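Remarks on the structure that follows.
The values are calculated or read from the model by the stated rules, or taken from the named source; none is laboratory data. In this text, all values refer to a predicted model and were calculated from it rather than measured experimentally. Because the Cβ atoms are built from the backbone with ideal geometry, glycine has one as well, and the counts that use them run over all protein chains shown. Each accessible area value is taken on the protein alone, full model and side chains, heavy atoms only, with ligands, DNA and RNA left out. Shrake-Rupley method; radii C 1.70, N 1.55, O 1.52, S 1.80 Å.
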Amino acid sequence: MSPLKNDRFLRALLRQPVDVTPVWMMRQAGRYLPEYRATRQQAGDFMALCKNPQLACEVTLQPLERYPLDAAILFSDILTVPDAMGLGLYFETGEGPRFKKTVKTEADVVALPIPNAEKDLDYVINAVKTIRGALNGRVPLIGFSGSPWTLATYMIEGGSSKDFRAAKNMMYQQPQVLHMLLDKLAVSIIDYLNAQIRAGAQAVQIFDSWGGALSAAAYQEFSLAYMKKIIDGLIKEHDGRKVPVILFTKGGGLWLESMATTGADALGLDWTIDIGAARQRVGSKVALQGNMDPSVLYGSPQRIRDEVAHILAGFGHGEGHVMNLGHGIDQHTSPEHAGAFINAVHELSAKYHQ
Ligand code: CP3
């Protein structure tokens, strides 16, 4: 494999010195880009795009052709794992993800197979290999998975949910059934992420999009414990380099101290927390990733620049910061404004690394 030409993202995750703050955006390959919409149309639909390694590679690289990003993220979805467990993922236009089968009873959980990633998710693993080849060492490639709790909500509800009624019913009526499901997911995810790492993913992020919907105690028991189990099971080093792990619990700002004890190298922050305060709480243990509100990108390029300056000043001097949005970029964002964000990070951050 060709050596990395730009490794500031991996260095920042390990709190090593960099010249400027590295930046990438969650959902950077997506609907706000006209070239993405064109490729998705060529593929037919979103899942066909995910299942075609050549086209998945093409859309992964699209934002890198436009912007000087410091990392690429595998183009796929977190719901590929439940799909490989036989639930039948499909997307209804305007309605988000849906499953043909849901998981409601103990018998449903017992019947769920644990996928073999190399075999059952071969299209994802092939996409990782194809993207690594095409990147040719330009920037590192991020692999990812959903957290067990976040995936479980989709599997129990059958799709997106506002209140997680079915998942919380299971949590408080049959906690042992939910634990069995979460454990099966953790085992599946360890195999899935390790397969991505062996195929060439140089860092991995766990998306715990719905951890923030839990009480403090339930978060520990039903989300964080299983993410820790995953981190314990991951390959720590590949090709002579450490493979950093980023833990992103949306709405997890109150629980950073316990997140920092899981063995994660970095914590993803949403925009509800002040990054300077977060650094004071955990900055000697982990790097921090984030945390501009994606809605700031609706503002003018000058407004975006001001917000970038504010976040950089909040983190302050020294190492251990990867700039990102606090959640995925919205489809109604102007591509020019995304560019203003990325350029501002590189232009305004050099003084914090001298
Ligand atoms: O960050 C990236 O660029 C990598 C690709 C990526 C996608 N989804 C592509 C995608 C990643 C990392 C995800 C993660 C994901 N998927 C999460 C966790 C992150 C988060 O947002 O908190 C969740 C909850 C999902 C499930 C999912 N997939 C939803 C809710 C949707 C939106 C459905 C809709 O119609 O709005 C998807 C679809 C999806 N995943 C799209 C993309 C680019 C849009 C699909 C399209 O092209 O129509």
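Once you reduce the range 328-345 and the range 1-56 to the center of their Cα atoms, the two points are 14 Å from each other. Just the protein heavy atoms count here, and of the accessible area of the chain at 1.4 Å, carbon and sulfur take up 50 percent. Listed cross-link partners Lys119/Lys236; Lys168/Lys228; Lys129/Lys285; Lys162/Lys242; Lys101/Lys229 are compared with a 30 Å cut-off, the Cα-Cα value being larger for Lys129/Lys285; Lys162/Lys242. Around Ile73, which amide H atoms from residues at least 5 apart in sequence, or from another chain, sit under 5 Å from its own amide H, with H modelled in the peptide plane? Residues meeting the amide H criterion: Ile142. Compactness check for the range 163-283: Cα Rg over 2.2 N^0.38 Å is 1.11.
Charge dipole of the range 1-68 (Cα centre as origin; +1 on each Lys and Arg Cβ, -1 on each Asp and Glu Cβ, all else neutral): 180 debye, rounded to the nearest 20. Across the range 338-345, rounded Karplus estimates of 3J(HN,Hα) from the backbone phi angles (6.51 cos²θ - 1.76 cosθ + 1.60, θ = phi - 60°) give 4, x, 4, 4, 5, 5, 4, 4 Hz, Gly and Pro being marked x.
Selection among Ala199, Pro97, Thr60 by position relative to the dipole of the chain gives Ala199 as farthest towards the positive end (Cβ unit charges, Cα centre).
Its Cα centre serving as origin, the range 32-80 has a Cβ charge dipole (Lys and Arg +1, Asp and Glu -1) of approximately 100 debye.
On a per residue basis, the convex hull of the C-alpha atoms belonging to the range 1-105 measures out at 162 Å³. Once backbone amide H atoms are built at 1.01 Å from N, Gly320 has Arg15, Gln16 as its partners under 5 Å, excluding neighbours fewer than 5 places away on the same chain.
Here the 3J(HN,Hα) profile of the range 123-136, calculated from phi with Karplus coefficients 6.51, -1.76 and 1.60 at θ = phi - 60°, is 5, 6, 5, 5, 4, 4, 5, 5, 5, 4, x, 5, 5, 6 Hz, Gly and Pro shown as x.
Work from the charge dipole of the range 101-221 (Cβ charges, +1 for Lys and Arg, -1 for Asp and Glu, about the Cα centre) and give the residue of Val110, Thr130, Thr153 farthest towards its positive end. Of the options given, the answer is Thr130. Work out the P(r) tail for the chain: percent of alpha carbon pairs separated by more than 26 Å, whole number. Here the tail beyond 26 Å accounts for 47 percent of pairs. Across the range 167-182, rounded Karplus estimates of 3J(HN,Hα) from the backbone phi angles (6.51 cos²θ - 1.76 cosθ + 1.60, θ = phi - 60°) give 5, 6, 4, 5, 4, 9, 9, 9, x, 5, 6, 4, 4, 5, 5, 5 Hz, Gly and Pro being marked x. Basic side chains Lys and Arg get +1 at the Cβ, acidic Asp and Glu get -1 at the Cβ, and with that the dipole of the range 212-337 about its Cα centre reaches some 280 debye.
Once the 1.4 Å probe is applied to the protein heavy atoms, the range 1-47 comes out at 49 Å² accessible per residue. Given axes a ≥ b ≥ c from the Cα gyration tensor, I'd like to know whether the range 142-225 is rounded (a/c under 1.5), prolate (a/b larger than b/c) or oblate. Note, shape of the range 142-225 comes out prolate.
Could you tell me how many degrees, from 0 to 90 and to the nearest 10, lie between the Cα long axis of helix 148-157 and the main elongation axis, the longest principal axis, of the Cα atoms of the chain? Approximately 50 degrees, to the nearest ten. Taking every protein chain into account, the accessible area of the range 197-354 amounts to 38 square angstrom per residue (probe 1.4 Å).
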